[in-house]
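Peer 1: Please read through the structure below; I'll follow up with questions.
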Ligand SMILES: [Zn+2]
């Protein structure tokens, strides 16, 4: 079974009426359990990320602001979360979760977190619901401790992975690719190694062709590891995404991406990315397509 990482503390106490659908992390875990995709055998509980892990990406000053809950009002506004103890705890364990999933994928070929993809977090600031850049922290750890040299961050969230792009702008070991909406947050885009900007209203066939072509392009580069940020805010019923991708389109996207790297035996760590669907139940199902696709793939092989 595909290793899946979850921690009860992913659900921070920010109030049920908060714009960010924080409860999705708990509900996703329940759905995956009910559908037999998570069992005792493949569930992994992470430790919080250590300061040593975080400092490979974030400044000491920023880490202590989060640790001591001393962000300014302006910084808190940019982040979008109230900086309270449960948000701090969530930030450390969700980052630890992506680290753990990244390590598990080295053994099993595929592994997923049930959170992660905080791609708007920069070295010294949090933005757009992203405190620590979990994928960046995990990528640097793989390079520092696991002999990995060439990493691809394949980011299909509808928003640009701006923090990730900036963090790795001068890093030869990590290639950042972001396929996102041209007219959407963040207003000031950064330079990824490859940015593909799409117009709002794009539909399945055209979108999947772009994804397919970018995979072909990436296959030439011989990466030895992939992080996949599987944001589902590309969905037609997302509140902020502005794309017109159907549920079936997202399912086909996950199959395209995951099968592509799995066939080449390139380890892949899947993380959630964003999702703000009008329908909460649908949102949970859409996020589960990442884990479902990995599960089906390993299930068929064995
Ligand atoms: Zn997003």
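Derivation of every value follows stated rules applied to the coordinates shown; laboratory data play no part. Quick caveat, the model's predicted, so the values are computed rather than measured. Heads up, the Cβs are rebuilt from the backbone with ideal geometry, glycines too, and the neighbour counts pull from every protein chain shown.
Peer 1: Run the paramagnetic zone check for residue 256: 7 angstrom along Cα to Cβ, then residues of region 171-198 with backbone nitrogen under 17 Å.
Peer 2: Label zone hits: 177-182, 195-198.
Peer 1: Between residue 298 and residue 77, what's the calculated FRET efficiency when r is the beta-carbon distance and R0 is 25 Å? Round to 0.05. Let's see the in-between values first.
Peer 2: On the way: r = 42 Å, r/R0 = 1.70.
That gives a FRET efficiency of 0.05.
Peer 1: What's the extension gain from residue 59 to residue 149 if we count 0.36 nm per residue and subtract their Cα-Cα distance? Mind dumping the intermediate values first?
Peer 2: On the way: separation 90, 0.36 × 90 = 32.40 nm, distance 2.31 nm.
Using 0.36 nm per residue and subtracting the Cα-Cα distance, I get 30.1 nm.
Peer 1: Right, here's the next one. Calculated from DSSP H runs of 4 or more alone, at -39500 (n - 2.57) each and per residue, what is the 222 nm mean residue ellipticity of the chain, nearest 500? Could you put the intermediate results ahead of the total?
Peer 2: Details: 10 runs with 127 residues, N = 302.
It lands at -13000 deg cm²/dmol.
Peer 1: Related question: Cut-off is 10 Å between beta-carbons; in what order do 300, 180, 259, 146 appear when sorted fewest neighbours first?
Peer 2: Details: 300 7, 180 27, 259 14, 146 11.
Starting with the residue having the fewest Cβ neighbours, the order is 300, 146, 259, 180.
Peer 1: Related question: Work out Dmax and Rg for the chain from the C-alpha atoms and quote the Rg first, both in angstrom.
Peer 2: For the chain, the Cα radius of gyration and maximum Cα-Cα distance read 17.3, 52 Å.
Peer 1: Another question about this same structure. How long are the semi-axes of the equivalent ellipsoid of region 202-290, taking √(5λ) for every eigenvalue λ of the Cα gyration tensor, in whole Å from largest down? Numbers along the way, then the final one.
Peer 2: Numbers: eigenvalues 115, 41, 19 Å².
Semi-axes (√(5λ), whole Å): 24, 14, 10.
Peer 1: Now a separate question. Pairs of alpha-carbon atoms within less than 8 angstrom and 6+ residues apart define the contacts here; what relative contact order does region 251-302 have, in percent?
Peer 2: Details: 20 pairs, mean separation 22.6, N = 52.
Normalised by residue count, the contact order of region 251-302 is 43 percent.
Peer 1: Next question. For the chain, give me the percentage of DSSP beta bridges that are antiparallel, rounded to the nearest 5 percent. Kindly include the intermediate steps, with their values, before the conclusion.
Peer 2: Details: 3 of 31 bridges.
Of those bridges, close to 10 percent are antiparallel.
Peer 1: Here's another thing I want to ask about it. Going by how many other beta carbons lie within 10 Å of each one, how would you line up 204, 238, 16, fewest first? Please list the in-between numbers first.
Peer 2: On the way: 204 19, 238 24, 16 8.
Starting with the residue having the fewest Cβ neighbours, the order is 16, 204, 238.
Peer 1: Further question: In whole angstrom, and with the biggest value first, how far do the Cα coordinates of region 40-135 range along each principal axis?
Peer 2: Reported extents, whole Å, longest axis first: 43, 24, 20.
Peer 1: As a footprinting exposure proxy, order 91, 192 by other Cβ within 10 Å, with the fewest listed first. Display every interim value, and only then the final one.
Peer 2: Working: 91 27, 192 23.
Exposure proxy ranking, most exposed first: 192, 91.
Peer 1: Pull out the extension gain between residue 203 and residue 18, defined as 0.36 nm times the separation in residues minus the alpha carbon to alpha carbon distance; nm, one decimal.
Peer 2: Numbers: separation 185, 0.36 × 185 = 66.60 nm, distance 2.98 nm.
In short, 63.6 nm is gained.
Peer 1: Now a separate question. Distance in nm between label sites at residue 224 and residue 182, each 7 Å beyond Cα in the beta-carbon direction?
Peer 2: About 3.9 nm, to one decimal.
Peer 1: Kindly rank 287-293, 138-144 from highest to lowest mean number of other beta carbons found within 10 Å of each residue.
Peer 2: Working: 287-293: 24.3, 138-144: 22.7.
Put in order of decreasing packing, that is 287-293, 138-144.
Peer 1: In vacuum, with every alpha carbon of region 97-236 counted as one equal point scatterer, what does the Debye formula give for log10 I(q)/I(0) at q = 0.16, 0.20, 0.21 Å⁻¹? Two decimals, please.
Peer 2: So the normalised log intensities work out to -0.82, -1.29, -1.41.
Peer 1: On to the next question. Report the calculated FRET efficiency for residue 213 and residue 68 (r = Cβ-Cβ distance, R0 = 41 Å), to the nearest 0.05. Mind showing how you got there, number by number?
Peer 2: On the way: r = 46 Å, r/R0 = 1.13.
E between residue 213 and residue 68, to the nearest 0.05, is 0.35.
Peer 1: Could you work out how much longer the chain between residue 34 and residue 47 gets when fully extended? Use 0.36 nm per residue separation minus the Cα distance between them, nm to one decimal.
Peer 2: Length gained between residue 34 and residue 47: 2.2 nm.
Peer 1: FRET efficiency for residue 1 and residue 278, Cβ-Cβ distance as r, R0 = 35 Å, nearest 0.05?
Peer 2: On the way: r = 32 Å, r/R0 = 0.92.
The computed FRET efficiency comes out at 0.60.
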